[in-house]
4 protein chains.
Amino acid sequence: MAPSPQQFASDNYAGICPEAWSAMARANDGSCVAYGEDEWTSEAADAFRQLFAIDCDVFFVFNGTAANSLALASLCQSFHSVICAASAHVETDECGAPEFFSNGSKLLVAPPGTSKLTPEMIRALATSRSDIHFPKARVVTITQPTETGLVYSLDEIRAIAALCRELELKLHMDGARFAHACASLGCAPAEMTWQAGVDVLCFGGTKNGMAVGEAVIFFDRTLAADFDYRCKQAGQLASKMRFLSAPWIGLLQTGAWLRNAEHGNACAARLAEAVGAIEGVELLFPVEANSVFIRAPEPVLAELRARGWRFYTFIGGGARFMFAWDAEPQRVEQLVADIRAAARLHVAVA
Amino acid sequence: MAPSPQQFASDNYAGICPEAWSAMARANDGSCVAYGEDEWTSEAADAFRQLFAIDCDVFFVFNGTAANSLALASLCQSFHSVICAASAHVETDECGAPEFFSNGSKLLVAPPGTSKLTPEMIRALATSRSDIHFPKARVVTITQPTETGLVYSLDEIRAIAALCRELELKLHMDGARFAHACASLGCAPAEMTWQAGVDVLCFGGTKNGMAVGEAVIFFDRTLAADFDYRCKQAGQLASKMRFLSAPWIGLLQTGAWLRNAEHGNACAARLAEAVGAIEGVELLFPVEANSVFIRAPEPVLAELRARGWRFYTFIGGGARFMFAWDAEPQRVEQLVADIRAAARLHVAVA
Amino acid sequence: MAPSPQQFASDNYAGICPEAWSAMARANDGSCVAYGEDEWTSEAADAFRQLFAIDCDVFFVFNGTAANSLALASLCQSFHSVICAASAHVETDECGAPEFFSNGSKLLVAPPGTSKLTPEMIRALATSRSDIHFPKARVVTITQPTETGLVYSLDEIRAIAALCRELELKLHMDGARFAHACASLGCAPAEMTWQAGVDVLCFGGTKNGMAVGEAVIFFDRTLAADFDYRCKQAGQLASKMRFLSAPWIGLLQTGAWLRNAEHGNACAARLAEAVGAIEGVELLFPVEANSVFIRAPEPVLAELRARGWRFYTFIGGGARFMFAWDAEPQRVEQLVADIRAAARLHVAVA
Amino acid sequence: MAPSPQQFASDNYAGICPEAWSAMARANDGSCVAYGEDEWTSEAADAFRQLFAIDCDVFFVFNGTAANSLALASLCQSFHSVICAASAHVETDECGAPEFFSNGSKLLVAPPGTSKLTPEMIRALATSRSDIHFPKARVVTITQPTETGLVYSLDEIRAIAALCRELELKLHMDGARFAHACASLGCAPAEMTWQAGVDVLCFGGTKNGMAVGEAVIFFDRTLAADFDYRCKQAGQLASKMRFLSAPWIGLLQTGAWLRNAEHGNACAARLAEAVGAIEGVELLFPVEANSVFIRAPEPVLAELRARGWRFYTFIGGGARFMFAWDAEPQRVEQLVADIRAAARLHVAVA
């Protein structure tokens, strides 16, 4: 099948980046022990330990839904609850997976519209009830960057972590696009995670250039007790594990993990900059990572669709564009040009 | 890392076969819609419909544990039970995954030593209790070929299916090595499944030459209602689905699915034939697919280990060898020669 | 222990009414088969069939949390969702039980402040998403009367049921205080349930004068398939079932079920009427059943506490009073007098 | 309904004993706070602390299935396993409740025929597997007395507990008839539980003379963390808790708990003694508590049925009789006489 023109509806539309691909190719040479007892897997885990500068426990699972749900389930019991933002992927786009894996943990969701949690919101949710008729808060999950493309600053994370310690809550980070946050802040992975007080991180591989796979990283290794059994029981142990782990070697050892993210962020920044200069179109959120949410009149969006663009839309006239490692600069420019043209055609001059 | 000499401890030790690999490479060209809305996925599903000569529902998941557990969970409620053989993978090697995905369904296990279920065993298990203090039997699962390398004949499957209809049980087939059974019986996939009365099949991709992935196939499409939601919630929906589905196109359209299996079976047959002529070593089971279980005195097994062979052992002095698509004939001969030599050294001549 | 002066903080504070008690005493005569195979249980089920004028399936469980959760779990799978009001007990006071019993079904909650669902709210929630990344709506649950003491009219229920049929949703009624709604509307139980389109009802016994026990009533008997197994597995099958079922005979055959509710409602009406005439105190909701929510300045509430009254409070200065079968009229008058006095003392005259 | 002649098919056939009944009557005087915040509940918990001579945590739930399942679920995760005897009620008669409450924990069942576990069986089950493809053993559950009426000696319990400590397993005791074991051994409750190494006990109330209710007792209080939330979420928190707790006061403070058990045991001993002298009828198990299992030719059993006796039968020609607090001595003698007569009629003299 001939590929269609590149779309920016999702960073899941991208394929496998060259570094991940060639690592898979290398790993495909000959026979190899299964279920993660192989050298590729231990080397990949070591690469994470080096990246995070800590002796953490690393597990490789198939996708982000499972990574988040398994991590959260390991931090709480079914009668506990998990605090999250209104836009959190665990709440909006995982079809009840956190509730399923945990056998019933409730998500306590911050007010509509929130995508970044604050200590105030967390305190309000965690302390709103203290009777046994309502699940006891035990975990806070933040998405870094958020589903709306915002990046928590190190200080924001530290403040949340401090509150978590005060309230005896664990802190989980959904890092489906963790690399993009690192690229955005220009900080070391350690600074944004365990040094800031994060207990468990789900580090996304799929949106970072892999075919499949996420890493669950326990900085507090006591929390990882029997997590390997948990993965196995939940259908998240790959038999030919090398194909889940070797791509990480390719990404981490070559620096592609960060370059890929920087490229996505740069494309988003380019679009954001251009949109800022187009009348009748505006950004819904500051652009801090690899996604751009624009507000535009429906005729503008229709025009974009007519010109062949695919994108997710939101109530009130929003469109989302996301940029992966493979975003072609000229295709980004084409999008800019089409938005400009659509706006010119359909935005009434006051 | 340089690959070590080939081992036959498991068919999970094999890598990705060329047909699957090149399909992945083709699928990696450009951007593509996610979550299974892509053309690769619909083409792969169509390839299955053609292979099975029926308009079945096809779902692609990550591994066999999930495929089996999701299929079983869709066929019963938590207070129902699943009948299986004592050697069934769902009972012995999935860490309670069927119980987890179904939220508590009990496995009713046939007597120790069984690897093939018979109508008599099924009737005994299904009718042993009829009070509400014990889970109600609802599903029968058979592994084809069994974990011990036996292949149910078409008549055996038909007899089980007839009993299932009589007792209002659904029939699930764990086909982790389904292709090997087809190759062994020389029958059409349809004959061994829906034409014989199988309701749901888990068709293994990993042991058939893929990196990752199994197909869950509902011949009775009404049973597949909302199964896509079930997969999503259980962390089994791949975002970049094309990399799970395209390899099936490679396998099915080129005939590699069957050739790979035939090759594995032939290697097993070669080893079995040779072992039959070695004094002091004997086959534990008839060799009907790609696995060979041999009984040998411990010094013989120790000698094999000393010569660098890896294998799983069993109580009473057994060793298992399994052959994948990549088994090198000269390496099989080397194994034969080493078994012969080990037996000569360590088996006392009467 | 000598009983303290009667409190109206909850209708769970009441004991066992005479009719339920004497039925238990009668049932306690001699030995009796267990697990619901006894005559008391079949007679109690028949009494429900007569009350509802339909051949329904009736199950007796221990409490309302279990009744609701088991009923909901029988109507949906883990990847489905349940639509409820913001004040719904299943959402606010069951510690995640619906999620637990269903293994992860999500509650889709109407906007804050809602206690009665409307067809508009249901449509909005049921149709907000139609992709597999979000649980599919399958059930609507309404509490009759609501947790705020409002009663759905027959027309309101019929309108909701009509929408449920349109959207292929099942309709569950949490009738923890079902009798109070019947007493309020003066209608037959059948009119408010199956004739209006309700599929499953949880009929509360505890708040109606029993020690323990609720009835789950399936008007569509096909929905009750294997529900007895579900109860057993979930720890909701009483061995000495007669003590759960016989009290229902006492309540239903003597008419106490309705008299008890009428009494509670009358006490609430009396308090509501009196409060309407007290300056500075007002009703938060129309009083349609046995609960009264009043808004009063904090000093008034403090004064009430100082005078020995216990009650639940709400953000913004509310207090709840609930009246059971045992509410003593002179004690209600005492409460009225104390509210009047407290208001006189602490409400500034404008 | 007039009571039928007393039957000994189950000790669940008995009603509420006078001491429990009068405690309920006393508790029914006036209004009382709900959900276990009442004085009856704290007094009942204190009575347990006094009985066991330790500051344990006590929870009151509705039935034995829930008590066992909740206790086991609190001791392990879904990917762990529970070791039990073949006759264990959790395995044979709880419809998969342990798997349901724990979200998938597997029961590792000792060989068929076992009703008492031994350290050897436990070691074999706990160490048979140590890979992540099989659930990790975490708990041992023993039933005291067993479902076959055998009583573990203190030394037997201590030996099991010592092995549990060695293997890092928790020890749970299903004490559905705990009182009967105390009566049988003549030991203090403390000796048979925490002093012997038991971590958690489910103390049966129903079979001890109550209408409904069991107590879950954590001797190691750290294991009880958030167990109140677990009970609530699982539908096991009674709103009118006093009716679940007060009967315990009646049983424990009057000594009825032990007298009731002694009476049941004595009736069983009487039957056993008589059966020992009847030709053609024999005991299947030593009679150490309140149950008697006899083996008799089918015509003898048929004759008993014809004379109006109800009993559970077992494969191979067994019948079970169980004696509760209410067993009438003359009715026991009638059973003895009928067995004698039936044997005389139907047992061929050699």
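The values are calculated or read from the model by the stated rules, or taken from the named source; none is laboratory data. Treat the numbers as computed from the prediction; the structure is a model and nothing was measured. Note: ideal-geometry Cβ built from the backbone for every residue, glycine included; neighbour counts use all protein chains shown. These accessible areas exclude ligands, DNA and RNA; they are computed on the full protein's heavy atoms, side chains included. Shrake-Rupley method; radii C 1.70, N 1.55, O 1.52, S 1.80 Å.
Listed values, structure above:
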| read-out | value |
| --- | --- |
| Shielding of C:33-40 by partner chains, average beta-carbon count, 10 Å | 3 |
| Rel. contact order, % - alpha carbon contacts under 8 angstrom, at least six apart, chain B | 24 |
| Inter-site label distance for D:Ser22 and B:Glu328 at 7 Å from Cα along Cβ, in nm | 8.8 |
| Solvent exposure, largest accessible area first (probe 1.4 Å, DNA, RNA and ligands not counted), of B:Glu273, A:Glu333, B:Glu298, C:Glu214 | B:Glu273, B:Glu298, A:Glu333, C:Glu214 |
| Residue among C:Leu237, C:Phe293, C:Val275 farthest towards the positive dipole end of segment C:166-318, charges placed on Cβ | C:Leu237 |
| Gaussian network model of chain C, springs between alpha carbon atoms under 10 Å - residue of C:Ala85, C:Ala161, C:Ala274 with greatest fluctuation | C:Ala274 |
| Whole-Hz couplings from phi, Karplus 6.51/-1.76/1.60, listed for segment B:277-292; x for Gly and Pro | 9, 9, 5, x, 10, 9, 7, 7, 9, x, 9, 10, 9, 9, 10, 10 |
| Environment charge of D:Pro18, counting only residues whose C-beta is closer than 12 Å and scoring Lys/Arg +1, Asp/Glu -1 | -1 |
| Tensor-based shape of segment A:244-327 (alpha-carbon gyration tensor, a/c under 1.5 rounded, otherwise prolate or oblate) | prolate |
| Gain on full stretching of the segment that runs from A:Arg340 to A:Thr254 - 0.36 nm per residue minus C-alpha separation | 27.2 nm |
| Charge dipole magnitude, Cβ of K and R +1, D and E -1 - segment A:181-254, Cα centre, debye nearest 20 | 340 |
| Table column - 3J(HN,Hα) (Hz), segment B:94-108, Karplus curve with 6.51, -1.76, 1.60, x for Gly and Pro | 10, 6, x, 4, x, 5, 5, 5, 8, 6, x, 4, 8, 8, 9 |
| Most mobile of A:Gln50, A:Gln77, A:Gln233 in a GNM of chain A (Cα contacts under 10 Å) | A:Gln233 |
| Placed amide H near D:Val287: partners under 5 Å, 5+ positions off or other chain | none |
| Solvent accessible area, Å² - D:Arg270, 1.4 Å probe, full protein context | 70 |
| Shielding by other protein chains, D:123-135, mean Cβ within 10 Å | 4 |
| Cross-link reach list, lysines versus D:Lys232, counting only Cα pairs under 24 Å and skipping chain neighbours closer than eight places | A:Lys106, A:Lys136, A:Lys170, C:Lys106, C:Lys207, C:Lys232, C:Lys240, D:Lys106, D:Lys170, D:Lys207, D:Lys240 |
| Whole-angstrom gap from segment D:277-350 to segment B:143-176, using each part's C-alpha centre | 43 |
| Heavy atoms of C:Ser81: accessible area, 1.4 Å probe, square angstrom to 10 | 0 |
| Heavy-atom SASA rank of C:Asp131, C:Asp226, D:Asp55, D:Asp38 (probe 1.4 Å, accessible area, largest first) | D:Asp55, C:Asp131, C:Asp226, D:Asp38 |
| Packing-based ranking, highest mean first, of A:116-125, B:249-258 given that Cβ atoms within 10 Å are counted | B:249-258, A:116-125 |
| Residue-by-residue Karplus 3J(HN,Hα) for segment D:131-139, coefficients 6.51, -1.76, 1.60, Hz, glycine and proline x | 9, 6, 7, 9, x, 7, 5, 9, 9 |
| Helix-only mean residue ellipticity at 222 nm for chain B, each DSSP H run of n ≥ 4 adding -39500 (n - 2.57), per residue, nearest 500 | -13000 deg cm²/dmol |
| With all protein chains modelled, accessible area of D:Leu301 [1.4 Å, Å²] | 0 |
| Whole-angstrom gap from segment A:184-234 to segment C:7-49, using each part's C-alpha centre | 54 |
| 10 Å Cβ neighbours from other chains, averaged over peptide C:85-97 | 5 |
| Share, in percent, of DSSP beta bridges within segment C:18-256 that are antiparallel, nearest 5 | 35 |
